[in-house]
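Participant: Below: one structure in structure tokens.
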Amino acid sequence: MKRFLYSVLCLCACLSMNAQVKYVFYFIGDGMGPNQVLATEMYLAELQGKIGRNRLGMTQLPYSGQLATFSASNGITDSSAAGTALATGSKANNGSLGLNAKGDTLTSVAEQLKADGWGVGLLTTVAIDHATPAAFYANVESRNDYYEIGRQLAYTGFDFFGGAGFHNPDPKYKDGKKEKKGKKKVTKQPAGSPNLYDLAEQQGYTIASGYKQALEKSKQAEKLILVQPTDGIDRSKKGSNFPYCIDGREDELSLKLLTNFATEFLQSRNSRFFLMVEGGMIDYACHGRDGAAAIQETLDFDGAIGFALEFYESHPDETLIIVTADHETGGMALGNSDYTLDLQLLKHQHCSAGTLSDELNELYKDNRQPEWDEVRALLEKRLELYTAVTVEDDEDEELHDVFKKTVENRNDSDVKTLYKDINALSNAAIALLNKKAKMGWTSYSHTAAAVPIFAIGKGAELFTGWQDNTDVAPKIIRLTR
Ligand SMILES: [Zn+2]
């Protein structure tokens with residue numbers, strides 16, 4: 001009898017979990033470790049003069065845990081191996097997409113659900129062929145094989161892609177000749193290979209430049225690719241990433257609005273959908289040790305989760321929302337000297353480290369040697385250093401020394417980060433502001449820190465505990481069948 005009851009209970013549990021999830025939101029904050037989340041909450045509280053947390057949407061999800069993120073080849077993963085693990089449930093080597101450590105082709109949760117008849121959408125703030133979204137559809141040895149990744153995108157049959165565009169819309173090889181010598185292995189494209197936007201259109205995709213055009217075109221579109229707006233669609237232009245929120249990303253590129261749009265697009269075409277949303281530029285900001293930019297990107301990402309939570313309220317029995325990260329970036333620490341934090345100081349920063357670097361570089365243009373006063377005026381304007389943010393004599397001396405180096409040796413003094421070479425003075429000034437806010441950094445790269453996972457909805461309790469990044473995708477599949 002006991003055994004029978006147990007079986008019935010198991011069956012009930014299985015039935016209640018199985019085949020009822022119809023809407024899956026899979027949020028991935030690229031580079032979003034636990035401190036990126038906590039710093040954002042404590043920053044918001046400090047803005048109101050409080051010590052504590054102003055809760056983000058993601059941390060209010062009722063189930064949570066942690067994921068270890070090491071890859072098959074490295075203790076510290078890159079975004080392609082981590083994306084592959086989150087998308088397929090298999091560890092992969094750093095640099096590769098959609099292949100296990102032996103090189104066998106893997107099938108992602110998005111591809112499996114597409115095969116099951118679901119609508120599928122992938123949305124990001126970076127390029128649609130960047131590592132995280134690409135992990136859901138591409139199988140390539142090198143994440144830098146952008147033309148090949150974009151080519152594979154066109155044949156996915158997925159319903160929606162949204163992001164900055166393609167990295168390399170035109171093939172690297174024309175008429176059998178290599179145009180540029182790449183360091184990594186890149187698939188040779190036959191002569192006359194099409195532009196990726198043309199190829200996507202041939203495969204039934206409508207291309208929309210920006211939100212407004214996407215709204216206009218969506219009714220007629222069978223499948224849609226929404227790219228960052230340009231003047232028209234420049235099919236030769238690289239679409240690497242959205243502007244940073246801290247640099248004034250326009251509302252029509254907010255992840256909340258685009259997640260809303262993608263959801264309506266998918267829901268109007270299918271009774272079940274899977275939508276992956278990546279906050280791709282949290283990682284970019286943390287590669288540059290730019291705390292203020294990282295916080296603004298995390299807030300934008302959380303806005304999209306807020307939309308998904310509203311959707312969940314209307315469909316509580318059929319929705320599953322998972323929020324996690326692929327890895328931590330920068331080794332962000334909260335505390336660097338004593339028992340205080342002063343995160344609110346970051347509110348004085350009005351542009352990203354990259355933009356400050358560009359603006360500084362303008363002052364050095366055509367071998368010009370700027371004066372300290374004009375450089376300092378820029379630091380006052382953009383970071384409120386020397387005005388709202390006090391600069392001590394020794395700190396001033398340090399900045400001045402870096403300034404001298406940049407004048408003597410302009411380009412060689414750049415600090416090389418993954419996505420941008422940063423003017424050393426921009427780097428030093430941002431580092432000073434972060435230091436004063438008591439935010440520390442250990443790396444310009446990724447770390448092995450465990451990342452948070454939050455979940456709500458049908459089967460959300462499965463995503464608790466001290467897990468591995470390969471545990472997530474198989475559980476999603478289990479809940480949808
Ligand atoms: Zn990264």
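The values are calculated or read from the model by the stated rules, or taken from the named source; none is laboratory data. Owing to the predicted nature of the structure, the values given are computational and were not obtained by experimental measurement. As a convention, Cβ positions derive from the backbone with ideal geometry for all residues, glycine included, and neighbour counts pool all protein chains shown.
Participant: Could you identify the single residue in R382, R368 that is outside the structural domain of Q36 (by TED's automatic domain parsing) and modelled with pLDDT of 95 or more? It would help to see each step written out before you state the result.
Facilitator: Details: R368 fails: modelled with pLDDT of 95 or more.
Just one listed residue meets the conditions, R382.
Participant: Kindly evaluate A431 against the criterion of being at pLDDT 95 or above and not assigned by TED's automatic domain parsing to the domain that holds V120. Spell out the reasoning first.
Facilitator: Values: at pLDDT 95 or above: yes; not assigned by TED's automatic domain parsing to the domain that holds V120: yes.
For A431, the condition - at pLDDT 95 or above and not assigned by TED's automatic domain parsing to the domain that holds V120 - is met.
Participant: Pick out the one residue from L44, L15, L97 that is more than 17 Å from I453 (Cβ to Cβ) and either at pLDDT below 95 or in contact with a Cys (Cβ under 7 Å, 6 or more places away or on another chain) (or both).
Facilitator: Being more than 17 Å from I453 (Cβ to Cβ) and either at pLDDT below 95 or in contact with a Cys (Cβ under 7 Å, 6 or more places away or on another chain) (or both) holds for just one of L44, L15, L97, which is L15.
Participant: A further question follows. Quick test for you: out of D412, D471, D421, D394, pick the one residue that is closer than 30 Å to N241 by Cα and either at pLDDT 95 or above or among the basic types (K, R) (or both). It would help to see each step written out before you state the result.
Facilitator: Values: D412 fails: either at pLDDT 95 or above or among the basic types (K, R) (or both); D421 fails: either at pLDDT 95 or above or among the basic types (K, R) (or both); D394 fails: closer than 30 Å to N241 by Cα.
Only one candidate qualifies: D471.
Every residue, every condition in (1) surrounded by fewer than 18 Cβ atoms within 10 Å (Cβ to Cβ); (2) of a type in the set (S, T, Y), yes or no:
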| residue | (1), (2) |
| --- | --- |
| I422 | no, no |
| A428 | no, no |
| A431 | no, no |
| N434 | no, no |
| Y444 | no, yes |
| I453 | no, no |
| P474 | yes, no |
| R478 | yes, no |
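Participant: Given the structure, is D468 outside the structural domain of R368 (by TED's automatic domain parsing), surrounded by 15 or more Cβ atoms within 10 Å (Cβ to Cβ) and of a type in the set (D, E)?
Facilitator: So D468 passes the test.
Participant: Another question, if that's okay. Consider the stretch 57-115. How many of its residues are in a helix (DSSP H, G or I) and either touching a strand residue (DSSP E or B) at 6+ places or on another chain (Cβ under 9 Å) or in contact (Cβ under 8 Å) with a residue 60 or more places away in the chain (or both)?
Facilitator: The total comes to 19.
Participant: With respect to L341, determine if the residue is in a loop (DSSP other than H, G, I, E, B), modelled with pLDDT of 95 or more and either surrounded by 17 or more Cβ atoms within 10 Å (Cβ to Cβ) or of a type in the set (G, A, S) (or both).
Facilitator: The answer is yes for L341.
Participant: A further question on this structure: Would you call R249 more than 16 Å from the ligand (Cβ to nearest atom), in contact with a Leu (Cβ under 9 Å, 6 or more places away or on another chain) and assigned to a loop (DSSP other than H, G, I, E, B)?
Facilitator: When the stated conditions are applied, R249 does not pass them.
Participant: Restricting attention to the stretch 268-302, report how many residues are within 26 Å of S108 (Cβ to Cβ), touching a helix residue (DSSP H, G or I) at 6+ places or on another chain (Cβ under 9 Å) and part of a helix (DSSP H, G or I).
Facilitator: Residues in the stretch 268-302 being within 26 Å of S108 (Cβ to Cβ), touching a helix residue (DSSP H, G or I) at 6+ places or on another chain (Cβ under 9 Å) and part of a helix (DSSP H, G or I): 10 in total.
Participant: Got a number for residues in the stretch 396-413 being touching a helix residue (DSSP H, G or I) at 6+ places or on another chain (Cβ under 6 Å) and either touching a residue at least 40 places away in the same chain (Cβ under 8 Å) or on the phi > 0 side of the Ramachandran plot (or both)?
Facilitator: Number of matching residues: 1.
Participant: Tell me the residue from G331, G288, G279 that is within 13 Å of the ligand (Cβ to nearest atom), under 22 Å from F158 (Cα atoms), buried (at least 18 other Cβ atoms within 10 Å of the Cβ) and within 23 Å of the chain's Cα centre (by Cα), please.
Facilitator: Residue meeting the stated conditions: G279.
Participant: Okay, next question. Does the stretch 74-105 hold any residues that are among the hydroxyl-bearing types (S, T, Y), under 19 Å from T329 (Cβ atoms) and in contact with a helix residue (DSSP H, G or I) (Cβ under 7 Å, 6 or more places away or on another chain), and which are they? Explain how you work it out, then say what you get.
Facilitator: The first filter runs over the stretch 74-105 and keeps only residues among the hydroxyl-bearing types (S, T, Y), leaving 77, 79-80, 84, 88, 90, 96, 105.
Keeping just the survivors that are under 19 Å from T329 (Cβ atoms) gives 77, 79-80, 84.
S79, S80, listed by residue number.
Participant: OK, next. All but one of (1) farther than 23 Å from I477 by Cα; (2) charged (D, E, K, R); (3) over 12 Å from the mean Cα position of the chain (by Cα) hold for E297; which doesn't?
Facilitator: (3)
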